[in-house]
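What follows is one structure encoded as C-alpha cells, with my remarks underneath.
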Amino acid sequence: MDVRVRINELVDALIRHNRLYHQQNEPEISDWEYDALFRELETLEAVHPEQAREDSPTKQVGSAPIAELVPFVREIPMLSLQNGYKREPPEEDPWIDLRDFEERLRRVLGEEAPAVFQYVVEPKLDGLAMELVYEDRRFVRGGTRGDGVTGEDVTHNLRTIPSIPKVLPPSAPTRLTVRGEVLFDLPGFEKMNSAREAAGERRFENPRNSAAGTMRQLDPKSVAGRPLHFYAHSAGVLPERVPSHHELLNRFAAWGFTVNPINRRCTGLDEVIAAVADLERLRVDLPYEIDGAVVKVDSTAQQDALGFVTRSPRWALAFKYPPPTAQTRLESVLFSVGRTGAVTPVANLAPVRVGGVTVRNATLHNEHQMTRVLGLRVGDLVEIRRAGDVIPEVLRAVDEPGRADRPPIAYPETCPQCGAHLVREPNPDDLDKVLIRCPDKLSCSAQARGAIRHFASRLAMDIEGVGEKIVDQLVTHGLVRRPSDLYALTKDQLVNLERMGELSATNLVSAIEASKARPLDRALMALGVPMVGESTARDLARYFGSLDAIMGATVPELTGVPGVGDNVAQAVRAFFDEPGNVEEIERLRARGVQFPGGARVANGTAFVGKTFVLTGTLPTLSRDAAKARIEAAGGKVTGSVSKKTDYVVVGADAGSKLEKAVELGVPTLDEGALLALLEGAS
Ligand code: IVH
C-alpha cells in the first residue's frame, strides 16, 4: 500500500479512537491495539518524514521543551464571575443569592424581562482557566488566564491534551477562541499518584495546584500522559451570532470540544435551584473537583442587554457550595513538634475521600480546640472539612451511643520526640489557647529536623536533595544537629546513608557547597526568624543590605522598613538577642556561608528558577565562573542531569551527562548560547 494512504488511514483512525476514548468514553479498541496503530504510524513517519501530517497524534506529545514561558495576550479580556453563596439553613434561605440574582436581572431588563427566564446551570469546575486560539481551524496557541488580559502561553503543553481538538471540522468558523477549564480527572490523578509513590516520587497533594504546576512545565514530555482534560464553557472571539448559550455549547461539541454532559437547561428559578441542589449532591461522585455551580442566562439577546458590571457579566452567577466534608474514624492523635518547638495535635484518621482527595490526617489546631471545643476521644466518628489548599481540619465529633465511655485524649506532659518537659506559654492573642512547646531547642530532634528542613527548603537555601528523608537520617545518625552542621558533611559520611550512592553523595556535597552563596534574603529566611517570611526577608535585605546591619538594628530602626510593623520588629530583635542564634550564625559564617547583600536579581529573567548542569570544558569560562554567573542571574547549578534540569551547558569532552541530556530531551547550550542568554538576562 502507498505510504501516504496508510499514514492517512492511521492518522484518521487514531484521531477517531482518541475522541471515542477521551470524549465519548466509548473506546472501540483496546489500549494495546491503539498503541500498535500508534507505533506503526511513528515508524512510517520516521522513515517518511515528508509524508507526516501536521495533525498527526504523534506530534501532540513530542514537541521540544521551551526555554521559558512567554506572555499570552488575548484580544478579548477574560472576565470573572460574580459570586453567590449557599447560605446556612434554617436561619437563612440557602438560595437567597440565586433569588437576588434573578431580581437584579429583572431590574436591569425592566420591560424587556421575560415572564420566565431560561438558564443553563453548569458545574463550576475547579481547574485552570484556559483560552484556546484557532486560526484557519487549527489550534495555534493557548494560554492561562493571568490577569484576564495577559496570561502565560502554554501551547506546548495544551497540545498534549487529547480532549483539545487540534484541527476543527469545516463547520467551525475559521477564527475562534474557546475558553474552558483544564483539570485532572480524579481517578487518573490517584493512579498517577500511586505510580509516583511506587517510583519513590512525591505525591501531588491537590489536583488544582498540580494542574497549574503541570501546565507551567517547560517540557511537554512531562505533561503528556498526565490525565488532564479540557472542558469548553465559553467563547472569546466568535465571528458568528449564536442565539443562546446552550446552542453555543452544542456547537462546541459538534466542533470536537468536550462539553460537560451534566450542564442543564432550566426554565425558571425553581428549576435552577433544583439543578444547583442536585449538583451539590452529585459533587462527591464526580470524577473532577467543582466548587459550585455557574448559572447563566441562556438568551444571547438578554445577555447583551444585561451587559457587565465592572469585570463580570451581569448575566452569570457563580454559586459556591460550602467546602466538602466527610465523616471518618479518629484512630489516634499524634503530637507533632514543629521547628520552633510548638506541639500541635494532629488527628490520624481512617483514610477517607473528601472532595476528590484521600485524607489521612487533619489538624486539631491546639489543645483548647481538641479538648474543649471538640471534646475528642479516640474512636470518635468525626466530621472533617477540606477547603481548597488548606490542611484538612476536624469540625466536630458525631454524637453516638457509648461515646462518653471512651477516655478523653490528654495532651502529653513531655515532648514526644525528646522527652523534655513541655512548657505552657500564655498566648498573648488569645488566653484560651496556651502555646505548648518543647523548650529543648538543642537536643530535641524534631526541632532540629524541622529547622534543618526549613533551612534547606526551596524558598530558603534551596539545597537540592536535602529533603525529609535525608534530614531524618542525618539527624538520626547524629551527623547533623543544626543547619551549620550541613556545611561540615563529607562525601564519606554521606555514602554510608541508606539509598545513597557515590554520585548522590557527591551531588549533595556540591549542592550544599553551592548554597553558601545564597543571597541575604534567602539566608535570612533560612535562619527561621519568627514572623519573617519570604517578602519580609526581601524587604529587610533590601533595606539594610547586610546581615550585620540587620542584626544590629534597633526596633525603631526595623520598623522604619516599609511593611515591617512593631510585632515583626520585636521578633527580629529578640531573635538576634538570643546568644544561641548569634552563635549559629557565627558557625555558618565560619563554614563559608556568605550572606551576600547588595542588589538582588529581578524576578522574571530567563534564569530565575532554572536548573543548569555543566559538563565538559568550556572554551573561555572556568566551571566556577560559569556557575557564578548563572547563579548571579538567578539560576541554579546542580551536579546531575534529571528531568528537572532545564539546560545542560556542554563543553569539550563532555561525557555521560550529555548523553543523559539527549536521552531525557533536556536542551543543551554551548558557551556562546549561555553567554547570549546571560547577556539577555542582565
Ligand atoms: S463561564 C464571563 N463557566 O470560573 C465569564 N466559567 O470566575 C465566563 N469557571 O476562571 C466564564 N467553571 O474559567 C464559566 N462552567 C463554567 C466555569 C467557569 C469554572 C471559571 C472560569 C474562570 C472563573 C470565573
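The values are calculated or read from the model by the stated rules, or taken from the named source; none is laboratory data. Since we're looking at a predicted model, the values are computed, not measured. Here Cβ is always computed from backbone atoms with ideal geometry, including for glycine, and neighbour counts include all displayed protein chains. Surface areas here come from the heavy atoms of the whole protein model, side chains and all, with no ligands, DNA or RNA. Shrake-Rupley method; radii C 1.70, N 1.55, O 1.52, S 1.80 Å.
First compute the accessible area of the stretch 158-248 with a 1.4 Å probe, then give the percent of it belonging to carbon and sulfur atoms.
52 percent
What Rg and what Dmax come out for the stretch 1-136 when only alpha-carbon atoms are used, in angstroms?
According to the Cα coordinates of the stretch 1-136, Rg and Dmax are 24.7, 74 Å.
For the stretch 487-621, go through all pairs of different Cα atoms, get the mean of 1/r, take its inverse, and jot down that Kirkwood value in Å.
For the stretch 487-621, inverting the mean 1/r across all distinct Cα pairs yields 17.1 Å.
Hey, with R₀ at 41 Å, roughly what FRET efficiency would Asp577 and Arg311 work out to, going by the Cβ-Cβ distance, to 0.05?
0.25
What is the Cα coordinate range of the stretch 549-654 on the first, second and third principal axes, sorted by size from largest, in whole angstrom?
The Cα atoms of the stretch 549-654 stretch 56, 31, 27 Å along their principal axes.
For the stretch 114-176, report the convex hull volume of the alpha-carbon atoms normalised per residue, in Å³, without decimals.
Looking at the stretch 114-176, the number lands at 159 Å³ per residue.
Which FRET efficiency value, to the nearest 0.05, is calculated for Glu534 and Arg372 with the Förster distance at 35 angstrom and r the Cβ-Cβ distance?
Calculated value: 0.50.
Would you mind getting the accessible area per residue of the stretch 218-359, heavy atoms of the protein chains only, 1.4 Å probe, in Å²?
I get 40 Å² per residue for the stretch 218-359.
Fully extended, how many nm does the chain gain between Thr358 and Thr150 (0.36 nm per residue separation, minus their Cα-Cα distance)?
Result for the pair: 71.4 nm of gain on full extension.
Work out how far the C-alpha atoms of the stretch 115-222 reach from end to end along every principal axis, then list the three figures in whole Å, largest first.
Per principal axis, max minus min of the Cα coordinates gives 54, 40, 29 Å.
Around Val149, which amide H atoms from residues at least 5 apart in sequence, or from another chain, sit under 5 Å from its own amide H, with H modelled in the peptide plane?
Amide H neighbours of Val149: Met78.
With N set to the residue count of the stretch 153-281, report its C-alpha Rg divided by 2.2 N^0.38 Å to two decimal places.
The stretch 153-281 yields a ratio of 1.25.
For a quick check: with amide H placed at 1.01 Å from N, whose amide H comes under 5 Å from His233's, ignoring anything fewer than 5 positions away on the same chain?
Here the answer is Arg179, Gly180, Glu181, since their amide H atoms fall under 5 Å of that of His233.
If each of Ile262 and Glu26 carries a label point 7 Å out from its Cα toward its Cβ, how far apart are those two points in nm?
It is 2.1 nm.
Which lysines have a Cα less than 26 Å from the Cα of Lys636, not counting those fewer than 8 places away in the same chain?
Hits, sequence-local ones excluded: Lys221, Lys469, Lys491, Lys516, Lys610, Lys627, Lys644, Lys657, Lys660.
Add -39500 (n - 2.57) for each DSSP H run of 4 or more in the chain, then divide by its residues: what number comes out at 222 nm, to the nearest 500 deg cm²/dmol?
After summing the helix terms and dividing by residue count, I get -10000 deg cm²/dmol.
Going through the stretch 56-157, which GluC sites (Glu not before Pro) have at most 13 other Cβ atoms within 10 Å and a DSSP loop state?
Glu75, Glu91, Glu92
Taking a Cβ-Cβ separation under 4.7 Å as the criterion for a possible partner, which cysteines of the chain have none?
Within the chain, the cysteines lacking a partner Cβ under 4.7 Å are Cys266.
I need the per residue convex hull volume for the stretch 325-384, using only the alpha carbons, in cubic angstrom as a whole number.
Measuring per residue, one finds 77 Å³ for the Cα hull of the stretch 325-384.
Convert 4 °C to kelvin, take the viscosity as 1.567 mPa s, use the Kirkwood radius over C-alpha pairs of the chain as Rh, and evaluate the Stokes-Einstein diffusion coefficient in µm²/s, rounded to a whole number.
D, rounded to a whole number, is 44 µm²/s.
Just the number, please: carbon plus sulfur as a percent of the accessible area of the stretch 345-497, 1.4 Å probe, no ligands or DNA/RNA counted.
So the carbon and sulfur contribution to the accessible surface is 51 percent.
Gain in length, Thr340 to Asn209, computed as 0.36 nm per residue apart minus the alpha-carbon separation, to one decimal in nm?
Taking Thr340 through Asn209 to full extension adds about 44.4 nm, to one decimal.
Please compute the volume of the convex hull spanned by the alpha-carbon atoms of the stretch 273-432 and report it per residue in Å³.
Convex hull of Cα atoms, per residue: 180 Å³.
Any idea how far apart Asp624 and Arg403 come out in nm if each label point goes 7 Å out from Cα toward Cβ?
A separation of 6.7 nm, rounded to one decimal place.
Can you compute the FRET efficiency between Thr490 and Thr300 using 1/(1 + (r/R0)^6), with r the Cβ-Cβ distance and R0 = 45 Å? Round to the nearest 0.05.
0.05
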